[in-house]
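Contents: one structure, followed by commentary.
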């Protein structure tokens, strides 16, 4: 296993020399800066720099209200380095609603040609150990520019 991990690290390191790769620490635009809305009306504002996503998320479903902080990571990909692989999370805790004892993480792809962020999400909420089976919800969101 250890040899495998070092082998993979070497491959990743060597791939940085490929002119088609954008390093995570670069200032290359990520393509997803700005305001987005999903099919249910939830909105988010994202800024991205050097592989890091920051922003605010407002859910239009459930008992959430006001904005929640969003953070995550991205990597540029595709033939022209215009597409983006993204992952971001929101802890449902803010000054208006307090701590909802839950978090949601989205993972997905942004295709520059479509201008859509396609994601799958998993929401985990706290339950006592005997209700562990009921702690997760899974779904899908497509975000479009506002």
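The values are calculated or read from the model by the stated rules, or taken from the named source; none is laboratory data. Because the structure is predicted, anything quoted here is derived from the model rather than measured. Every residue, glycine as well, gets a Cβ built from its backbone with ideal geometry; the counts of neighbours run over all protein chains shown.
The set of residues in region 32-51 that are exposed (fewer than 15 other Cβ atoms within 10 Å of the Cβ) and more than 17 Å from residue 142 (Cβ to Cβ) comprises 33, 47, 50. The sole residue among 70, 40, 53 that is at pLDDT 90 or above, in a loop (DSSP other than H, G, I, E, B) and under 21 Å from the mean Cα position of the chain (by Cα) is 40.
Can you work out which of the residues in region 115-146 that are in contact with a strand residue (DSSP E or B) (Cβ under 8 Å, 6 or more places away or on another chain) and outside any strand (DSSP E or B) is surrounded by the most Cβ atoms within 10 Å (Cβ to Cβ)?
Per the stated criteria, the residue is 135.
Of the candidates 69, 114, 128, the single residue that is without any contact (Cβ under 8 Å) to a residue 40 or more places away in the chain and farther than 24 Å from residue 29 by Cβ is 128. Of all the criteria given as (1) within 24 Å of residue 142 (Cα to Cα); (2) modelled with pLDDT of 90 or more, the one not satisfied by residue 101 is (1). Which residue is farthest from residue 97 (Cα to Cα), if the candidates are limited to region 28-37 and must be in a loop (DSSP other than H, G, I, E, B) and touching a residue at least 24 places away in the same chain (Cβ under 8 Å)? Among those that are in a loop (DSSP other than H, G, I, E, B) and touching a residue at least 24 places away in the same chain (Cβ under 8 Å), it is 28. Report yes if some residue within region 89-97 is surrounded by 12 or more Cβ atoms within 10 Å (Cβ to Cβ), over 18 Å from the mean Cα position of the chain (by Cα), part of a strand (DSSP E or B) and modelled with pLDDT under 95; otherwise report no. So far as region 89-97 goes, yes, one or more of its residues are surrounded by 12 or more Cβ atoms within 10 Å (Cβ to Cβ), over 18 Å from the mean Cα position of the chain (by Cα), part of a strand (DSSP E or B) and modelled with pLDDT under 95.
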